[in-house]
Amino acid sequence: MNRFLLLIFALLLSACNSFTYIADDKVDNSPSKLKLDVPFTTQAPNANWDDPYQEACEEASLIMVHSYLSNIDLNIENSDEMILNLIKWEKENSYAQDVTLDQLAMIAEKYYKYETEIINNPNIDDIKKQIEKGNPVIVPVAGRNLGNPYFSGEGPWYHMLVIIGYKGNKFITNDPGTKRGEGYKYNFDVLLDAIHDWTGVKEEIEAGGRKILVVHMRSEISEASSK
């Protein structure tokens with residue numbers, strides 16, 4: 001009888017150990033908070049929200065990421081100059097005032113000579129992993145779905161911003177659509193649900209695809225192959 005009880009005890013102990021191992025294997029090892037030091041600018045550095053600035057969220061988002069990758073400190077003067085220069089180049093190269101995320105990726109490649117990566121149907125972990133790699137994430141959104149109280153009126157139909165970190169259940173962003181956008185936090189679900197790419201018609205923005213953009217410095221291999 002004693003040998004039988006010892007066998008049962010050994011089996012139970014083995015089962016408990018297996019359960020603990022599985023649980024440990026599923027632990028999220030991501031830090032609870034992480035923030036990249038991405039320079040901030042609004043899309044209207046001089047607080048003039050007339051054209052072209054009211055539609056310059058795409059340019060401002062790309063410029064913030066460019067400044068992060070190139071170690072450039074942003075201020076009112078150079079932010080304004082970079083936005084206007086980029087808009088001028090876009091017009092000369094037949095880009096519309098509003099651009100899709102794929103078009104912004106092309107602009108990043110042609111204007112700044114970066115490599116780009118578009119991730120379709122991202123989830124929270126996809127975005128967090130990019131932040132953990134040191135990559136800010138450019139996100140196209142249905143602006144009115146964000147519920148940002150600092151937007152003018154109901155907010156923009158179509159908008160872009162940069163995710164620069166996370167804390168708890170919130171993404172930390174640099175949102176160029178408001179002067180209070182530096183480090184602005186959105187709940188995970190709110191921002192994720194608002195992700196929609198430009199469709200060409202503002203009222204149909206919620207039909208836009210769900211995708212995000214990551215911009216990288218060009219690798220030596222890529223530079224060599226392009227020559």
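The values are calculated or read from the model by the stated rules, or taken from the named source; none is laboratory data. All of these numbers come straight from a predicted model, not from anything done at the bench. Ideal geometry is used to build each Cβ from the backbone, glycine not excepted, and the neighbour counts take in all protein chains shown.
Just one residue in the set 14, 30 is hydroxyl-bearing (Ser, Thr, Tyr), modelled with pLDDT of 50 or more and either out of contact with any Lys or Arg (no Cβ under 9 Å at 6 or more places or on another chain) or surrounded by 10 or more Cβ atoms within 10 Å (Cβ to Cβ) (or both); that residue is 30.
For the residues 61, 70, 79, the requirement of being of a type in the set (Gly, Ala, Ser), over 19 Å from residue 198 (Cα atoms) and buried (at least 19 other Cβ atoms within 10 Å of the Cβ) singles out 79. Residue 133 falls short on exactly one of the conditions (1) touching a residue at least 60 places away in the same chain (Cβ under 8 Å); (2) touching a strand residue (DSSP E or B) at 6+ places or on another chain (Cβ under 9 Å), and that condition is (1). Residues considered: 8, 63, 22. Of these, the only one that is in a helix (DSSP H, G or I), modelled with pLDDT of 95 or more and aliphatic (A, V, I, L, M) is 63. Residue pairs whose Cβ atoms lie under 7 Å apart, sitting 6 or more positions apart in sequence or on different chains, and linking a residue in segment 71-97 that is assigned to a loop (DSSP other than H, G, I, E, B) to a partner that is surrounded by 15 or more Cβ atoms within 10 Å (Cβ to Cβ) and not β-branched (Val, Ile, Thr), are 72/39; 73/39; 74/39; 74/40; 74/67; 95/103; 97/55.
For every residue, the table says whether it meets (1) surrounded by fewer than 16 Cβ atoms within 10 Å (Cβ to Cβ); (2) over 11 Å from the mean Cα position of the chain (by Cα).
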site: 107; (1), (2): no, yes
site: 112; (1), (2): no, yes
site: 119; (1), (2): no, no
site: 126; (1), (2): yes, no
site: 134; (1), (2): yes, yes
site: 140; (1), (2): no, no
site: 150; (1), (2): yes, yes
site: 153; (1), (2): yes, yes
site: 165; (1), (2): no, no
